[in-house]
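Let me begin by presenting the structure, written as C-alpha cells, before commenting on it.
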Amino acid sequence: MRCGVKSELRNKPKLKLQEPPLSSKLNMATSSILRRAFLYDRHPSTPSADSNPVKIIALIETAEAIMNLKEICQASPYISGLVFAAEDFARDLSITRTPSLTEFLYARSAIVTAARAFNLPSTIDLVETAQRVFAPGKEEVEYSVRILIADSKATASGRGAFTLDGKMIDAPVVGKARMVVKRAELCGFDVKAVEEEWKDQEPE
C-alpha cells in the first residue's frame with residue numbers, strides 16, 4: 001500500500017510527506033508517527049472530535065497486504081478506509097485479469113470483511129470504479145455489435161460501405177465498433193448474448 005499527504009504547517013512552508021508502502025503493521029505505525037511529528041496539533045495519541053486528523057486510506061495492492069489486513073486495520077487510530085488496487089494486485093501475483101474478475105474474489109471479499117470487522121467507514125473497489133468510468137454504455141455496445149454483424153455479412157457479399165439505421169458505415173466506424181466491443185468484454189459485458197440477440201442484423 002502507498003499513501004501520501006500534503007499539509008500546510010503553522011508558520012512553515014508547505015510540506016509533502018512521502019510515506020513508505022503501508023502493507024504491514026510496522027509501516028502503518030510509521031505513517032501514524034509521521035503524522036504526529038509533522039502535524040502534531042491534529043494528531044494526538046487518541047483522536048477526538050476536535051482534533052480533525054488527516055485520515056489514512058490504506059491502498060491494498062499486494063499479497064502481503066491481504067495477509068496483513070487484520071494488523072493494518074488495527075495499526076493506527078487514523079485509518080478510515082481500505083482501497084483495493086486490482087491492477088497492482090494482479091501484477092504482484094503475476095495473474096491475468098479476466099472479464100469475470102473471479103481472480104479477485106478472495107482479495108475483494110477479504111478487504112470488505114476486514115473493513116466491516118474493524119468498523120472502518122469506507123471501502124473503495126478500484127475494479128468497480130474503473131468499470132464505471134471506462135465501460136461503454138449498453139446502447140453503445142449493442143450498436144457496435146450490430147455494426148460488426150452487418151459488416152461481416154456485407155464483406156461476405158462483396159460489399160464495402162453500407163448503412164445502418166440510416167447512417168453510413170465505413171472502415172473507420174467498423175474499427176471503432178471493434179474497440180468498443182473489446183472494451184465491453186474486458187469490463188464484463190455479456191457480448192455473446194448481445195450477438196445472439198442481433199444475429200439476424202443485415203446491412204442496409
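The values are calculated or read from the model by the stated rules, or taken from the named source; none is laboratory data. The model shown is predicted, which means the values in this text are computed figures rather than measured ones. A quick note on method: Cβ atoms are made from the backbone with ideal geometry, for glycine too, and the neighbour counts reach across all protein chains shown.
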Exercise for the section: Might you let me know whether region 97-104 holds any residue that is within 30 Å of residue 190 (Cα to Cα) and modelled with pLDDT of 90 or more? Expected result: yes
Completion exercise
residue 158 vs (1) small (Gly, Ala, Ser); (2) closer than 30 Å to residue 79 by Cα; (3) not assigned by TED's automatic domain parsing to the domain that holds residue 59: all pass except (2)
Practice task
Report the residue count in region 65-89 for those that are within 19 Å of the chain's Cα centre (by Cα), surrounded by fewer than 18 Cβ atoms within 10 Å (Cβ to Cβ) and either outside the structural domain of residue 120 (by TED's automatic domain parsing) or over 17 Å from residue 122 (Cα atoms) (or both).
Solution key: 2
Practice task
Mind counting the residues in region 69-91 that are touching a helix residue (DSSP H, G or I) at 6+ places or on another chain (Cβ under 9 Å), among the small types (Gly, Ala, Ser) and either without any contact (Cβ under 8 Å) to a residue 40 or more places away in the chain or outside any helix (DSSP H, G or I) (or both)?
Solution key: 4
Problem - helices (runs of 4 or more DSSP H) fully within region 109-204 counting 2 or more residues that are touching a Leu at 6+ places or on another chain (Cβ under 8 Å), farther than 21 Å from residue 83 by Cα and at pLDDT 85 or above - result: 138-156, 171-186
